[in-house]
1. Go through the range B:665-718 and give me each residue that's assigned to a helix (DSSP H, G or I) and of a type in the set (S, T, Y).
2. With respect to B:V171, determine if the residue is touching a Phe, Trp or Tyr at 6+ places or on another chain (Cβ under 8 Å), within 14 Å of another protein chain (Cβ to nearest Cβ) and open to solvent by less than 50 Å² (accessible area, probe 1.4 Å).
3. Among the residues of the range B:692-712, are any small (G, A, S) and crowded, with 22+ Cβ neighbours inside 10 Å?
4. Of the conditions (1) surrounded by fewer than 20 Cβ atoms within 10 Å (Cβ to Cβ); (2) more than 9 Å from chain B (Cβ to nearest Cβ); (3) small (G, A, S), A:A127 satisfies every one except a single condition; which number is it?
5. Could you list all residues from the range A:92-108 that are more than 7 Å from chain B (Cβ to nearest Cβ) and open to solvent by less than 10 Å² (accessible area, probe 1.4 Å)?
6. Inside the range A:46-65, can you point out the residues that are within 15 Å of A:L136 (Cβ to Cβ) and surrounded by fewer than 24 Cβ atoms within 10 Å (Cβ to Cβ)?
7. If you scan the range A:78-91, which residues turn out to be buried (at least 18 other Cβ atoms within 10 Å of the Cβ) and either within 11 Å of chain B (Cβ to nearest Cβ) or farther than 25 Å from B:G158 by Cβ (or both)?
8. Can you tell me which residue within the range A:74-89, out of those that are touching a helix residue (DSSP H, G or I) at 6+ places or on another chain (Cβ under 6 Å) and over 17 Å from A:L136 (Cα atoms), is modelled with the highest pLDDT?
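The values are calculated or read from the model by the stated rules, or taken from the named source; none is laboratory data. Quick caveat: nothing in here was measured; it's all calculated off a predicted structure. Glycine also receives a Cβ, built like all others from the backbone with ideal geometry; neighbour counts cover every protein chain displayed. All accessible areas refer to the heavy atoms of the entire protein, side chains included, with ligands and DNA or RNA removed. Shrake-Rupley method; radii C 1.70, N 1.55, O 1.52, S 1.80 Å.
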Amino acid sequence: MKTVLRVLFAALLMLCALPLRAQTVHLMLPSGLEGRAAYHAGRPGQGAVLLHGFLQTGDFSTLRQLYDGLAEAGYTVLAPTITLGVPDRKENLDCGSLHLNQIDDEAAEVQAWFQWLTRRGAGPVYALGHSYGARLMIIWASAHPDDRVRGLLGVSLIGADPNLARAWTGRLEKAGAQVTVLPAASHFMNGLHQFALLDWVLARLRDTGRS
Amino acid sequence: MNRRAPQLSLTEWSRRLFLAILLAVLGVAGWGLEQLRTIDQEVRVHRTEEARHELRSALLSVQSQAAQSLHKLAAWNETRQQLYDPGYYHYWLADRLTQMDTAALSGRAVQLYDRLGRALDGGLPGLPKTLPAGPPNVLLAPAGSDERHLFIYAPVAGGNDKPIGYIGAQVDLPHALSGLNGLTYTNPNGLHLLPAATGVLSGTALLDNFRYQMAADTDWQSLRQRILNTYLGLALVVLGGFLVQFLFIHHKLARPLKHFAERIYRLNTGDRELQAVQELSKPMPLAELEIVRQALQGFRHRLSEAYQSLESRNAAFRDQARRDAMTGVLNRRAFEEDWNALLEQASARPLTVALLLFDCDHFKAINDTYGHGTGDQVLKAICYVLGQVMRSVDHLYRLGGDEFATLLPHADEGQAMRLAQRCQRALEAHDFRQYKLKEAVSVSIGVAVDDIGRTDDLTRLQARADTAMYRAKRPGSARVHLHGKSEALDSTLVASPEVSALYRALADPTRFQFLYQPVVRLADGRAEYHEVLTRVRLGRDVMRPERFFEIVRNRRLEKDLDLAVLTRLHQELAAGAIPPGDGLAVNLFAQSLACTDILTMLLELPRSHPGNPFLLEITEHALNQEGADLAAPMHALREAGFRLALDDFGKAYSPLGHLAELPVQYLKVDPALTRQLHRDDTRGRMATRFAHLMREAGYVLMAEGVESAPQLERVRTLGFGYAQGYFLGRPAENLLHRTGAAASVLAGTPDGQNDPDAVEEGHQKTQ
């Protein structure tokens, strides 16, 4: 019975989210490629940039969940799709396809989108990345330090290998980052973990905003 | 003009029928084939339309699939990636693109074009370097491209819907069509783009740019083949059937019928060939014809029986015609037929034939004495006896009267004589007294044997047999005589035209010619008598009297002649040819005096014609007979009023001893003796003295053969009572009374000595 109620609730949530459906925006990137992103204009003063994982798009489900949640929470949200050399990319890029782009190109694209967002007056911006997107976020933040960036959130920053994760968790905490581990959650935070993730993200953003 | 339909034989009819059926079958077959051809055409048109329709659908389907595939490729990330950075274009084409599902396209024949329509990296072989003119997503025929391939392209959209480039692909049509699996009427491998086709291939013009082949129409073709085979089989069966029927009709019906008809025709035309009859006896193969045949056969049998019966009746008639009615033996006609048959036989090979002639002696006397009934009985008895003796193969022929004959082919003289003698013995043994005859009946047989050949006639053999018969009849003969092959013929006995003329005259006395020669009484020169001279005509001539009498004597026809002459004389007198008062001198054979018939006829003469004195001139030959036999009839004649003269007196110097026994008043001196009276030598004197002697004995002398005035004078001087001769009158058909030159001689000296009446009285005194 609980499960049924939960599904009904989820469906209700989905219905509520519909008016918040993302707007697709295009941006001519410095590389000459046409970029693409999902954009939701929220309340002014707080914005978020969501970065997808390896070869994925801004529409990837894990990210989409966060996007919708943030948009609902009133954030101005931008979820660009990193072109990876493909103009107006809409789909995941195949593993076997040609990979000619470099991580600096990707960081430049993130910077371009960040500037585009700030031009819209989004106020302090939070950066949020999933998986490889979290790493790109760090690289971008390192390459383009900006005061308007209020905080960086990395979801599934570290790969799924438990040993590797344990090692990196210590190191990140040493570097001053706050690390939360959702036990039993997968790399892509499927299922109920996505709600936990959203709750966690919103809590973090609120924390950071008050501080 | 007879315009009847020609009458054809059954074979001809069936042949025409067969030809008509052949034509009909051919016609139906032709119609069927025409129908088949029409259907074939309709099927072809239908299939063509279907093919066009099908091909059009197929092409549109290919186009649609190709466009779909191309659209998918155009929407693919990596396509756009290549248009942005074609650094590894060829790798991408070879490695990445092939992994995409592009079945509708022909694999690697895909290439990208930039936003200006230029092929990336200079283009691939077989694909246009620049985008051809024409809208996207339709089949295009790029100029100069491989004719087998079509081209289709689609724009690759960038972010703001403006194409950032194009993707184009070759469409391998056969490959694409074979993938459709739906082509029924067309052969996908036969589809070719026409070289002239360029540009957009769409709409109604789509198919016009293709050359395509129809798929093999196996169903219809096999059905058509089956129909044709059925047709052919049916036609063969029908024609074969009718051919068999035709042959059957020809062999089993027409030919027997034809032969049958020919048989009947031949029977009808009288050609009674044995084979025709035999063939008619074969059964006919057809029941109806068999009935006709049997009926005809029966009819023919009955006809044959009727014919045979007719034949046998004819044979009987023929036999009757060949038989003598009275005796039952074959007649003269049969004899001549059989003789001709023998001649026919002899024409092949010479043949020896014996002819036996039988003649009953004195048959006339028997007939006259005992009557015809007895005579016939005698003849029948003779035939019976001879029939008993002869072999069955030998035939007896009655040649006429009492004359019979038989012919023995291949017989030699000995055989013929033996048979003749056997006959003679058998006849001698036969008792003729049963017919109440007082005297014995004898038959004379003349036998002749001769070789006959083709050119022979009966005359020679018959003449030999006649001669033999003559010899056999002579007194003292054995009554059988053979005239051998080597013996010469006596011409008087030969059957000749003269003999047959004589016989004909004897049978019909009117054939005789009577001539009258005056016998003049010298006392007053009057032709007191006319001598009746009998002559026989031979064609236009008259037979010489000497020859005539020779035949009569040789054939012993004296009595027959006298009888015939008397018959004729009766006729002449009855017809009034002799005026009353005229005397007639009639010649008579001495033998005739023994014949009752002749005597009867003679005695009838003075009774019927008292006005005519009759002088009978009896041949001197009478003196050779026994005078006593002749005396009685002569006396009877004298008493009846006849005057009797001895004819030919002095010719044979007959014994005068018999003369006195005969009641003869006149002596007719033979012309030879008359001529001697005139001579002045020993003979003359002898004759003169003889004349004196006879006159003095009381006989009246009559001179015959007086041919001149001195002769007449001489006989008158010698005291002859009568004279006859050319000087006094030639024999003529009419009685003559004028004596011409002789009259003056006679007018001179009437002499009482010459008065015959005085002589007669004197003679009577001497009796």
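1. B:T674, B:T682, B:T688, B:T717
2. On the way: touching a Phe, Trp or Tyr at 6+ places or on another chain (Cβ under 8 Å): yes; within 14 Å of another protein chain (Cβ to nearest Cβ): no; open to solvent by less than 50 Å² (accessible area, probe 1.4 Å): yes.
Considered against the rule, which asks whether it is touching a Phe, Trp or Tyr at 6+ places or on another chain (Cβ under 8 Å), within 14 Å of another protein chain (Cβ to nearest Cβ) and open to solvent by less than 50 Å² (accessible area, probe 1.4 Å), B:V171 comes out as no.
3. Yes.
4. (1)
5. A:A107 - this is the single residue of the range A:92-108 that is more than 7 Å from chain B (Cβ to nearest Cβ) and open to solvent by less than 10 Å² (accessible area, probe 1.4 Å).
6. Correct list: A:G53, A:F54, A:L55, A:Q56, A:T57, A:F60.
7. Within the range A:78-91, A:T81, A:T83, A:L84, A:G85, A:V86, A:P87, A:D88, A:R89 qualify.
8. A:V77
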